[in-house]
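Chemist: Here's a structure for you.
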Amino acid sequence: MPARRVSDEPAFVLHSYDWSESSLILEVFCRRQGRVALVAKGAKKPSSNFRPVLLPLQPLLVTYTLAGDGTADIHTLKGAEWVGGHVMPTGDALLSGMYLNELLLRLLARADPHPALFDAYAGVVRVLASEHGDALEPVLRSFELLLLREIGLLPSLDAQTMTFAPLLPDTRYTLVPEGGLRAASTS
C-alpha cells in the first residue's frame with residue numbers, strides 16, 4: 001500500500017526527544033490532525049534543514065507520510081517550514097508556553113483533532129511572544145478552561161457541587177476539598 005502524505009499542515013512542536021544518533025521523535029500539535037508523533041530523520045545533523053526549524057512555540061507547516069496503513073503511532077516527517085510571525089518567548093512567557101505544551105501532551109489523545117483549540121493555542125503563543133507580561137495569567141486560565149471544555153472534562157461552573165443548586169449572584173462561595181463548591185458560611 002503506498003504511503004499517504006499529509007502536506008502543509010499547520011503545526012507546533014510540543015516536545016522532542018532523541019531517537020538515534022542523528023534523529024528526533026517529535027510530538028506535534030496539528031490543526032487538522034491533532035497530536036501526532038513524527039520521526040525527524042537526520043534532524044540532529046549540523047547540515048539538517050530541520051535543525052533550526054523544529055523549535056517549540058513556533059508556527060510551522062509540516063509535511064509527513066503516514067506510516068503503514070495510517071494507523072501506526074509514529075509517522076515520518078518529510079518537510080517543515082517556519083511560518084514566522086513572532087519571536088521565541090522568553091522568561092516567564094517561555095515557562096508558560098512549556099506548561100501549555102505539557103498540558104496538551106498529557107490531556108490530548110493522538111489523532112484527535114481540535115481545530116478551535118489549535119487556533120486558541122496559536123493565539124496564546126502570540127501573546128506569550130509579545131511584551132504583554134501582565135496578560136500571561138488570564139490567557140493561561142482561559143486556555144485551560146477551553147482545553148477542559150474541548151476534551152469534555154470541564155465541570156459545571158454555574159452550580160454548587162454537592163446540591164447542584166444554581167449559584168446566586170450576590171453570594172460568596174468557597175471550594176471545600178471533600179465537598180466541592182458551596183456557599184461560604186456568613187459567620
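The values are calculated or read from the model by the stated rules, or taken from the named source; none is laboratory data. Since this is a predicted model, take the numbers as computed values, not measurements. Here the Cβ positions follow ideal geometry from the backbone for every residue, glycine too, while neighbour counts run over all protein chains shown. Remember, those area values only see protein heavy atoms, side chains included, never the ligands or the DNA or RNA. Shrake-Rupley method; radii C 1.70, N 1.55, O 1.52, S 1.80 Å.
Chemist: Taking K and R as +1 and D and E as -1, what net charge do the other residues with C-beta under 12 Å from the C-beta of ARG110 add up to?
Modeler: Neighbourhood net charge equals -2.
Chemist: Relative to the present Cα-Cα distance, how much length would full extension add between ARG126 and THR65 at 0.36 nm per residue of separation?
Modeler: That pair, ARG126 and THR65, stretches by 19.1 nm at full extension.
Chemist: At 1.4 Å probe size, with every protein chain present, just tell me what the per residue accessible area of the chain comes to in Å².
Modeler: Working: 10940 Å² over 187 residues.
Per-residue value: 59 Å².
Chemist: Shifting gears a bit: Name the residues whose placed amide hydrogens come within less than 5 Å of the amide hydrogen of ARG5, ignoring near sequence neighbours (fewer than 5 apart) on the same chain.
Modeler: LEU66
Chemist: Mind ordering 83-94, 155-166, 25-36 by average Cβ neighbours within 10 Å, highest first?
Modeler: Averaged packing, sorted descending, gives the order 25-36, 83-94, 155-166.
Chemist: For Cα extents along the principal axes in Å, which listed value, (i) 66, 43, 29; (ii) 77, 36, 34; (iii) 70, 42, 26, comes from the coordinates shown?
Modeler: Read-out taken from this structure: (iii).
Chemist: With r as the distance between the Cβ atoms of TYR17 and LYS78 and R0 = 25 Å, compute the FRET efficiency 1/(1 + (r/R0)^6) and round to 0.05.
Modeler: 0.80
Chemist: Select from GLY152, GLY133, GLY97 the residue whose mean-square fluctuation is largest in a Gaussian network model of the chain (Cα-Cα springs shorter than 10 Å).
Modeler: GLY152
Chemist: Okay, moving on. Accessible area of the range 110-153 with a 1.4 Å probe: how many percent of it is carbon plus sulfur?
Modeler: Numbers: 1350 of 2390 Å².
The value for the range 110-153 is 57 percent carbon and sulfur by accessible area.
Chemist: On a 0 to 90 degree scale, rounded to 10, what angle separates helix 136-150 from the longest Cα axis of the chain?
Modeler: 90 degrees
Chemist: Counting Lys and Arg as +1 and Asp and Glu as -1, what is the net charge of the other residues whose Cβ lies under 9 Å from the Cβ of SER22?
Modeler: Spelling it out: positives minus negatives among the neighbours equals +2.
Chemist: Mind running the shape call on the range 85-147? Use the C-alpha gyration tensor, a ≥ b ≥ c as the square roots of the eigenvalues: rounded below 1.5 for a/c, prolate if a/b tops b/c, oblate otherwise.
Modeler: Cα axes put the range 85-147 in the prolate bin.
Chemist: Helix-only estimate, please: 222 nm mean residue ellipticity of the chain, summing -39500 (n - 2.57) across DSSP H runs of length 4 or more and dividing by its residues, to the nearest 500.
Modeler: The per-residue figure over the chain is -8500 deg cm²/dmol.
Chemist: Of the accessible area of the range 1-97, with the probe set at 1.4 angstrom, what percent is carbon plus sulfur?
Modeler: For the range 1-97, the apolar C and S fraction of the accessible surface comes to 53 percent.
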